[in-house]
Amino acid sequence: MEQGPEAATPDGGRADEGDAFAARLTDELPRLVRLATRLLRDDDLAEDCAQETIVAAWQRRDQLRDPAALPAWLRRSLVNRIVDRSRRHHDELDIETVEADWRDDSYTVLPERVLEHAELRDELEDGLARLPVIYRLPVVMHDALGWTGAEIASAMKIGLPAAKQRLRRGRMMLVSALAEDDARRKASLAQPLRCWRARRHVSAYLDGDLDAATIATVERHLESCPTCPPLYASLVGVRDTLGELRDADAVIEDEIAGRIRARLERERVA
């Protein structure tokens with residue numbers, strides 16, 4: 001039976017599917033480039049990682065069974081590349097050392113000095129570079145890019161509790177990195193809550209993840225403790241400064257995205 005001119009051929013159908021997939025990759029590209037540039041501090045390396053992710057996704061498009069899973073699929077692929085290519089900083093912080101400081105009730109910082117460092121782009125990025133990549137990723141994803149805990153967990157292939165723990169630890173490490181020269185100790189007063197117990201809750205407190213009773217306990221502690229409020233103020237200030245990076249470097253990111261789109265088009269028509 002002869003088909004009408006409007007009937008699609010099998011090859012035409014596959015071409016349409018390919019065009020639709022390429023369009024979806026293009027839509028996801030700005031977010032991938034933004035993540036790569038924030039984490040790698042090297043525009044060329046960020047472009048390489050984002051491009052490799054897009055090209056690999058195009059070449060393996062037949063493996064994606066659920067079209068709705070594409071964003072998470074791309075993020076996991078990019079994160080794997082970033083982790084593989086991230087160089088260990090010569091002065092990388094150790095989480096056990098940082099947590100030992102934060103467990104010490106007498107440990108505190110000068111928040112005004114921390115924020116001075118955080119507001120200088122180079123110093124903020126130097127501080128981030130000192131975080132091990134597994135802690136740097138959640139901090140940048142959440143505080144600089146606005147990702148949810150669930151998105152971070154999916155991208156890093158970990159559970160949500162682990163993602164929240166890494167975010168908490170990463171935030172503490174970043175404050176410690178920015179405050180290292182200014183860290184000081186005070187004699188601790190008797191508190192309604194031990195400092196470490198309060199400090200463990202601060203990250204969740206900032207994100208609104210605590211129940212009312214715990215919030216009240218943390219706030220009572222902050223009202224009477226001489227050492228925790230400066231740490232809390234530093235966490236808030238650094239988080240807010242990271243949030244200001246969301247719109248930074250837009251021109252560079254657009255240029256990178258444009259080059260990757262051109263590469264994707266070459267792959268599509270090859």
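Values for this structure:
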quantity	calculated
Whole-number D in µm² s⁻¹ for the chain, Kirkwood Cα-pair radius fed into Stokes-Einstein, 4 °C, 1.567 mPa s	63 µm²/s
Segment 95-247 - charge dipole about Cα centre, Lys and Arg +1 at Cβ, Asp and Glu -1, debye rounded to 20	680 debye
Rounded tilt (10° steps) of 10-40 against the dominant C-alpha axis of the chain	20 degrees
For the chain, calculated [θ]222 nm from helices alone, where every DSSP H run of n ≥ 4 adds -39500 (n - 2.57)	-22500 deg cm²/dmol
Shape call, segment 86-129: gyration tensor on alpha carbons, a/c limit 1.5	oblate
Contour excess over end-to-end distance, with Cα ends at ASP44 and ARG113 and 0.36 nm allotted per residue	21.6 nm
Residues HIS90, HIS142, HIS117 arranged by fewest to most Cβ contacts within 10 Å	HIS90, HIS117, HIS142
Spin-label proximity, ASP240 to segment 107-135 - amide N less than 13 Å from point 7 Å beyond Cα toward beta carbon	112, 115-116, 119
Ranked list, fewest to most other Cβ atoms within 10 Å of each Cβ, for TRP196, TRP147	TRP196, TRP147
Whether segment 95-247 is rounded, prolate or oblate, judged on the alpha carbon gyration tensor where a/c under 1.5 counts as rounded	oblate
Relative exposure of LYS157, LYS164, judged by other C-beta atoms within 10 Å (fewest first)	LYS157, LYS164
Highest-MSF residue in the chain out of GLU112, GLU180, GLU223 [GNM, Cα springs under 10 Å]	GLU223
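Read-outs: derived from the displayed coordinates by stated rules, not from any lab. Quick caveat: nothing in here was measured; it's all calculated off a predicted structure. Neighbour counts run over all protein chains shown; Cβ positions are idealised from the backbone, glycine included.
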